[in-house]
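Trainee: Sharing a structure, written as structure tokens. Questions coming.
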Amino acid sequence: MANPVSVVCVGMAGSGKTTFMQRINSHLHSKKSVPYVMNLDPAVHSVPFDCNIDIRDSINYKEVMRQYNLGPNGGILTSLNLFATKVDQIIALLEKRTTPDPSKPAAKPIEHILVDTPGQIEVFVWSASGSILLETLASSFPTVIAYIIDTPRASSTSTFMSNMLYACSILYKTKLPMILVFNKTDVKDAEFAKEWMTDFDKFQQALREEEESGAFGAEGSSGGFGAGSGYMGSLLNSMSLMLEEFYRHLSVVGVSSMTGDGVDEFFEAVEEKRQEFERDYKPELERKKQEREESKADQREIELGKLMKDMNVSGSGRREAKGPEVGPETVSEAEDDSEDEIIKRGLADGEDDSEDDYEGPSAGNDEGLSQRYQQALGQDQPSDQDNSFTRYLRSSSMNQ
Ligand SMILES: Nc1nc2c(ncn2[C@@H]2O[C@H](COP(=O)(O)OP(=O)(O)OP(=O)(O)O)[C@@H](O)[C@H]2O)c(=O)[nH]1
């Protein structure tokens, strides 16, 4: 059986994400294919559908805002960050729930995971926690982004273009297959948008018409802001040419969350994108995962090497053995070095008393060490303060 596909709904505030979620949820229920539903919007007042996982159950957004002294967006971001710390539990739960129960062979397995996201799209898409949630989800299930667009509002060329650039940036950021959902088609048919995406001339024509009627960019009829001429003209031209390639990677559907029109087409697109995920995205994700594992292993190797080196040479004239002194390369190295210095001073002090006890690899290199020790103590006339510090080091070294 195929893995359940997770559909993550993103879109500008008011584009109709929640209404769309409600629609597809009830559509799946009517088909007796009950989805698993997740709400990631901590600030939503009420959710008009049953959620299996709701961020609001574990995070109190208002309390987060109060305690951390944050505004609305900071509150959402912090709530998401707090929620992202539970990502392992969430995925474990999802995996458990979506695995068919052998004791109930008649039960239909879950085929869809639906995810609603905060209206502040950037808080989710551009935040570290949003990336963690999405990446983790995608590493366990085929994941598709449904980008919801308010069709009536996108009927002006500039809003349409802004929306496309936004969608493009989300695709670029998430690297997940995307479906453009032109919502609210009961108010405005989405045919115009499909035409603009497939026929460059049609978009140009719409631009010209808006310019002539003075409606372009909602700038009124003031001159100098022509869409077909000047810098705006060439900018829009190059943008539509650049976006042509981007459009090719998308599925586009027109939906009315109010009437349910186009929902079947949406699920056909989801299936198409699920296959695309398995074919194109999954190998890439796995390659990246392996790369990460390898770099983690390398890092561990380096850390282990450092540790072994430190254990071997602590208290000895390591610097002299190494030849010319090399400065610390990182803050942690610098900290390590100063820590080493304290240990060395302590050991050097003990060295006078129990020289025979220490049989490290460079135990013979005492001269440089005691020289440095003398220097560190202010050889000539150590102050009282220095002496008390020496006593402290000596006692702490003895107590080790
Ligand atoms: N006519 C029409 N209105 C719709 C449709 N979908 C949503 N709406 C309306 O659009 C408004 C916003 O819908 P929501 O579902 O709350 O939008 P949202 O994107 O979840 O909003 P945020 O939670 O603020 O991000 C509401 O008034 C809905 O009734 C639709 O298909 N047709």
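Trainee: Could you please let me know if residue 176 is in a loop (DSSP other than H, G, I, E, B), closer than 30 Å to residue 206 by Cβ and more than 16 Å from the ligand (Cβ to nearest atom)?
Mentor: So residue 176 passes the test.
Trainee: Here's a follow-up. How many residues are in a loop (DSSP other than H, G, I, E, B) and of a type in the set (A, V, I, L, M, F, W, C) when one looks only at the stretch 78-136? Full working, then the answer.
Mentor: Looking only at the stretch 78-136, we keep the residues that are in a loop (DSSP other than H, G, I, E, B), and these are 85-86, 99-111, 117-120, 126-127.
Imposing the further condition that a residue be of a type in the set (A, V, I, L, M, F, W, C) reduces the set to 106-107, 110, 126.
Total meeting the criteria: 4.
Trainee: So which residues in the stretch 105-124 are over 20 Å from residue 37 (Cβ atoms) and within 16 Å of the ligand (Cβ to nearest atom)?
Mentor: Going residue by residue through the stretch 105-124, those that are over 20 Å from residue 37 (Cβ atoms) are 105-106, 120, 122-123.
Of everything in the stretch 105-124, those that are over 20 Å from residue 37 (Cβ atoms) and within 16 Å of the ligand (Cβ to nearest atom) turn out to be 120, 122, 123.
Trainee: For the stretch 168-198, give me the residue count where each residue is open to solvent by less than 10 Å² (accessible area, probe 1.4 Å) and in contact with a helix residue (DSSP H, G or I) (Cβ under 8 Å, 6 or more places away or on another chain).
Mentor: 10
Trainee: Within the stretch 6-49, can you find the residues that are surrounded by fewer than 21 Cβ atoms within 10 Å (Cβ to Cβ) and either more than 16 Å from the ligand (Cβ to nearest atom) or aromatic (Phe, Trp, Tyr) (or both)?
Mentor: The answer is 28, 29, 30, 31, 32, 33, 34, 36, 49.
Trainee: Right, next: Open to solvent by less than 40 Å² (accessible area, probe 1.4 Å), of a type in the set (Lys, Arg) and either out of contact with any helix residue (DSSP H, G or I) (no Cβ under 8 Å at 6 or more places or on another chain) or over 30 Å from residue 265 (Cβ atoms) (or both), is that true of residue 62?
Mentor: Numbers: open to solvent by less than 40 Å² (accessible area, probe 1.4 Å): no; of a type in the set (Lys, Arg): yes; either out of contact with any helix residue (DSSP H, G or I) (no Cβ under 8 Å at 6 or more places or on another chain) or over 30 Å from residue 265 (Cβ atoms) (or both): yes.
No.
Trainee: Might you check whether a residue that is more than 21 Å from the chain's Cα centre (by Cα) and away from the ligand (no atom under 16 Å from the Cβ) occurs anywhere in the stretch 82-97?
Mentor: Yes: one or more hits.
Trainee: Can you name the condition, by its number, that residue 164 falls short on among (1) in a helix (DSSP H, G or I); (2) closer than 30 Å to residue 33 by Cα?
Mentor: For residue 164, the exception is condition (2).
Trainee: Taking the stretch 27-56, which residues are charged (D, E, K, R), within 22 Å of the chain's Cα centre (by Cα) and either within 18 Å of residue 109 (Cα to Cα) or assigned to a helix (DSSP H, G or I) (or both)? Walk me through how you get there before you give the answer.
Mentor: Looking only at the stretch 27-56, we keep the residues that are charged (D, E, K, R), and these are 31-32, 41, 50, 54, 56.
Pick out the ones that are also within 22 Å of the chain's Cα centre (by Cα) and you get 41, 54, 56.
Of everything in the stretch 27-56, just one residue is charged (D, E, K, R), within 22 Å of the chain's Cα centre (by Cα) and either within 18 Å of residue 109 (Cα to Cα) or assigned to a helix (DSSP H, G or I) (or both), namely 56.
Trainee: Condition (residue is under 25 Å from residue 239 (Cα atoms) and either without any contact (Cβ under 8 Å) to a residue 24 or more places away in the chain or hydroxyl-bearing (Ser, Thr, Tyr) (or both)) applied to the stretch 171-185: is it met by at least one residue?
Mentor: Yes: the stretch 171-185 contains one or more residues that are under 25 Å from residue 239 (Cα atoms) and either without any contact (Cβ under 8 Å) to a residue 24 or more places away in the chain or hydroxyl-bearing (Ser, Thr, Tyr) (or both).
Trainee: If you scan the stretch 1-24, which residues turn out to be part of a strand (DSSP E or B), among the aliphatic types (A, V, I, L, M) and more than 20 Å from residue 76 (Cβ to Cβ)?
Mentor: Residues satisfying the conditions are 5, 7.
Trainee: When you go through 158, 140, 131 one by one, which is the residue that is small (Gly, Ala, Ser), under 14 Å from residue 6 (Cα atoms) and surrounded by fewer than 21 Cβ atoms within 10 Å (Cβ to Cβ)?
Mentor: Unique residue meeting the criteria: 140.
The values are calculated or read from the model by the stated rules, or taken from the named source; none is laboratory data. Worth saying up front: this structure is predicted, and the values here are computed from it rather than measured. Note that each Cβ is placed from the backbone with ideal geometry, even for glycine, and that neighbours are counted across all protein chains shown. We work out accessible area using only protein heavy atoms, side chains counted, and drop any ligands, DNA or RNA first. Shrake-Rupley method; radii C 1.70, N 1.55, O 1.52, S 1.80 Å.
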